[in-house]
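A.B. asks: Please read through the structure below; I'll follow up with questions.
Any read-out appearing in this document is the output of simple, stated calculations on the displayed coordinates, not a laboratory observation. All values reported here derive from a predicted model rather than from experimental measurement. Positions of Cβ are backbone-derived with ideal geometry, glycine not excepted, and every protein chain shown enters the neighbour counts.
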Amino acid sequence: MGLDLRWRKLPAVQQRFFFYSVVAALVFLLLLLRLWYLQVINYEELQDRSVRNRTRILSFAAPRGPIFDRNGVLLVDNRPSFQISVMRQDVENRGLLFARLAPLLDIEVSELELRWQEGKRFPAYRPISLAWDVRREIMERVQEHSVDLPGVLTEVRPVRDYLEHGSAAHLIGYLGEITEAELKSETFDQYRAGDFIGKTALERTYESYLRGEKGQRLIEVDVRGKLLRQLQVEPSQPGNKIYLTLDRELQRAADEAFGDKTGAVVALDVKTGEILAMASRPTFNPALFAKGITGDEWRVLALDNRHPLQNKVISGQYPPGSTFKMVVALAALRDGVIGTKKTINCEGDFLIGGSRYRCWKKRGHGETNLNKALRESCDVWFYNVGLKLGIDKLSKAAKEFGLGSPTGYPLPGERSGLMPSQEWKRQRYNKPWYAGETVIASIGQGFVLATPMQLAVMMAAIANDGKVLKPQVVRKIEDWEGHLLLQPEPEVLRQINYSPETWKAVQGGLVAVVNEPHGTGHAGRLDDVLVAGKTGTSQVVRRKSDEEEELDKDGNIPYRFRPHALFVAYAPAAQPEIAVVVVVEHGQSGGRAAGPIAKRIIQRYMELKEQTQQELKE
């Protein structure tokens, strides 16, 4: 009460002064408490925010892992690529800058403007790419005029370098810029827009091994995002090293032998299933994709009716023709339909149900046993045997060798081919199976389809007495310290059981095809190595109107209607090591078109083997 009395006695001015003094003291006290809270209690959180507000982390690409052949020869590496970029916060007059820069880069101003607009979706502190993979002289020209080009940067980034150009391109694959859909996937959660990733084949399947770890730069920026200085650099880590099963020298031999023909070739190690050479023709240059393919370049590839982007080794499906006859012979011998000495008279045609099925040799082959049927590829012999065997038994035997289903090739894109049966036709067409269809299937025509890879697996199984092997493309993967990360082992998918006599009879027939008189595969014969093989010709379906109306000036069938040429082989016949399959699209004759290619590949394989043995002796 005494305080209240004294307060009332104070003049009004003093009362107001005292009140405002107390309020001011309280305000200052609150400010001090808040400052203490910020500086002491919440220091770490605010310090972290401050750092984030003034610093940025920029990542830069890591070199992808190199790819070697089985002997350590480098096939795919990285090369430095010069890129011209611009920091847009440093550009005051874009029109003037582009007018100066365009002639230096040999690019239209409108194109630079377009790339500027595309780059605006990125943060201000990230450079906008205006030109990439430019020549060194252009990069030097830009650097010489750097005083007149504020904000323009010359950067170096690794770009995939395919040393063998288009060789084995379908096995190795190519790169492409990551898509928005891929960025949303958990698989690519460590990637960002603008990154290049493996799009096909090995580059895609082994992306996690090849990609490496990005490097990082810690930079300081001002409130407008302008780069002030670089604070820290963390170098990138290159991807791991992949060693393929391919032999570069054998691959080159396959490429050279095939020349400008269209089709596919594959060579397998018959003991391990390793792919020693593989080519799909025509090919393409993966380097086009590594630097960023243009619309015009893409259209040239996409519109080519020879399909250079298709891997014909695993996705090309062809009627196997007479190369299928070994399976018919094996199944017939096992089932007791025919013996090795039993003969069938071939008069040049075969009648069933009012339909006539001709042999390729119009005059016929006369009395023909198993060995002669294989050697001279007698259609009538196989018509008879296949019909007695029946389509279901024939289908079952073919599927044991891997026909009609994927072989297990470890990279994407493999197709299954087709091995028909009565049930398959009922389900597919709701129609019964006819005897005439069995006759056609017995010589690898009709509904029967196979990929070159399936034929290679089949041929390797015949060479090694029934071991069906899974194809392999990677021999091992190592890090840069030499630690083994992956080493696939040979994998036997199944063992086909035939008697030793059955294997010997068919294998002897394949030797006769190449090495005996009248053999259809004589073009694959070598003087110093005994080759076993089989020719094949697969018909291309065409309409009669096409055949009648679209003959060339010499009266020949147009190219696109000509039969495909096939040749399958293994060597040496006594102790097989390599199996080779060649398909020449529209090549017409397996012996003339495909046989010489297989011969050159086998010959080169034996030369390389002899060379290696000689080096070991020395």
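A.B. asks: What number, rounded to the nearest 500 deg cm²/dmol, is the helix-based mean residue ellipticity at 222 nm of the chain, given -39500 (n - 2.57) per DSSP H run of at least four residues and division by all its residues?
C.D. replies: So the calculated ellipticity at 222 nm is -11000 deg cm²/dmol.
A.B. asks: Filter Lys341/Lys388; Lys372/Lys393; Lys396/Lys425; Lys199/Lys291; Lys342/Lys388; Lys362/Lys388 down to the pairs with a C-alpha to C-alpha distance above 21 Å, please.
C.D. replies: Too far apart for the 21 Å limit: Lys372/Lys393; Lys362/Lys388.
A.B. asks: While we're looking at this one, here's another question. State, to one decimal in nm, how far the label point of Ala193 lies from the label point of Arg299, with both points 7 Å from Cα in the Cβ direction.
C.D. replies: 2.6 nm
A.B. asks: Check Gln472: other-chain or 5+ apart residues with amide H under 5 Å from its amide H, H built from backbone geometry?
C.D. replies: Glu274, Ile275
A.B. asks: Let me ask another. Residues in region 282-316 near a label at Asp260, defined as backbone nitrogen under 14 Å from the 7 Å Cα→Cβ point?
C.D. replies: Once the point is set 7 Å along Cα→Cβ of Asp260, 282-283 turn out to lie under 14 Å by backbone N, inside region 282-316.
A.B. asks: Helix 43-54 sits at what angle to the longest principal axis of the chain, using alpha carbons and giving 0 to 90 degrees rounded to 10?
C.D. replies: Approximately 70 degrees, to the nearest ten.
A.B. asks: For helix 109-119, report the angle its Cα long axis makes with the longest principal axis of the Cα atoms of the chain; keep it between 0 and 90° and round to the nearest 10°.
C.D. replies: Rounded to the nearest ten degrees, it is 80.
A.B. asks: Follow-up. Do any trypsin sites (Lys or Arg not before Pro) in region 163-218 lie in a loop, going by DSSP, with at most 13 other beta-carbon atoms within 10 Å of their beta carbon, and if so which? Intermediate values should be presented prior to the final figure.
C.D. replies: Numbers: sites: Lys184, Arg192, Lys199, Arg204, Arg211, Lys214, Arg217; in loops: Lys184, Arg192, Lys199, Arg211, Lys214.
Loop-located and lightly packed - Lys184, Arg192.
A.B. asks: Per residue of region 604-614, what does 6.51 cos²θ - 1.76 cosθ + 1.60 with θ = phi - 60° give for ³J(HN,Hα)? Whole Hz please, x for Gly and Pro, Karplus curve as stated.
C.D. replies: Calculated HN-Hα couplings, in order: 5, 4, 5, 4, 5, 4, 5, 5, 5, 5, 5 Hz.
A.B. asks: Note down the nm distance, to one decimal, between modelled labels 7 Å out along Cα→Cβ at Glu155 and at Glu481.
C.D. replies: 3.1 nm
A.B. asks: Another question about this same structure. Taking a virtual spin label 7 Å from the Cα of Ile352 along the C-beta vector, which residues in region 359-391 bring their backbone nitrogen under 12 Å of it?
C.D. replies: Inside the label zone: 380-391.
A.B. asks: On a full-extension model of 0.36 nm per residue, what is the gain between Glu140 and Lys388, subtracting their alpha-carbon distance, rounded to one decimal in nm?
C.D. replies: This chain segment gains 81.6 nm when fully extended.
A.B. asks: Once Rh is set to the Kirkwood radius over Cα pairs, what Stokes-Einstein translational diffusion coefficient, in µm²/s, holds for region 57-244 at a temperature of 10 °C and a viscosity of 1.306 mPa s?
C.D. replies: It diffuses with D of about 87 µm²/s by this estimate.
A.B. asks: To the nearest 10 degrees, how steep is helix 94-105 against the longest Cα principal axis of the chain, on a 0 to 90 scale?
C.D. replies: The angle comes out at about 30 degrees.
A.B. asks: Here is a follow-up. Once amide H atoms are built 1.01 Å from N in the peptide plane, which residues 5 or more positions from Ser81, or in another chain, come under 5 Å H to H?
C.D. replies: Arg157, Val159
A.B. asks: In region 103-208, what GluC sites (Glu not before Pro) fall in a loop by DSSP, with at most 14 other Cβ atoms inside 10 Å?
C.D. replies: Glu108
A.B. asks: Working only with C-alpha atoms, what are the Rg and Dmax values of region 340-416, expressed in angstrom?
C.D. replies: Expressed in Å, the Cα Rg and Dmax of region 340-416 come to 16.1, 47.
A.B. asks: What residues qualify as long-range amide H neighbours of Thr340, i.e. H under 5 Å apart, gap of 5 or more or another chain, H built at 1.01 Å from N?
C.D. replies: It is none; the list stays empty.
A.B. asks: Throw me the Rg/Rh for the chain, computed over C-alpha atoms with Kirkwood Rh, two decimals.
C.D. replies: Rg/Rh: 1.23.
A.B. asks: Going by Cα centres, region 463-523 and region 134-194 are how many Å apart?
C.D. replies: 41 Å
A.B. asks: Give me a comma-separated list of calculated 3J(HN,Hα) values for region 246-256, in order, Karplus coefficients 6.51, -1.76, 1.60 applied at θ = phi - 60°, integers in Hz, x for any Gly or Pro.
C.D. replies: 4, 9, 4, 5, 5, 5, 4, 4, 5, 4, 5
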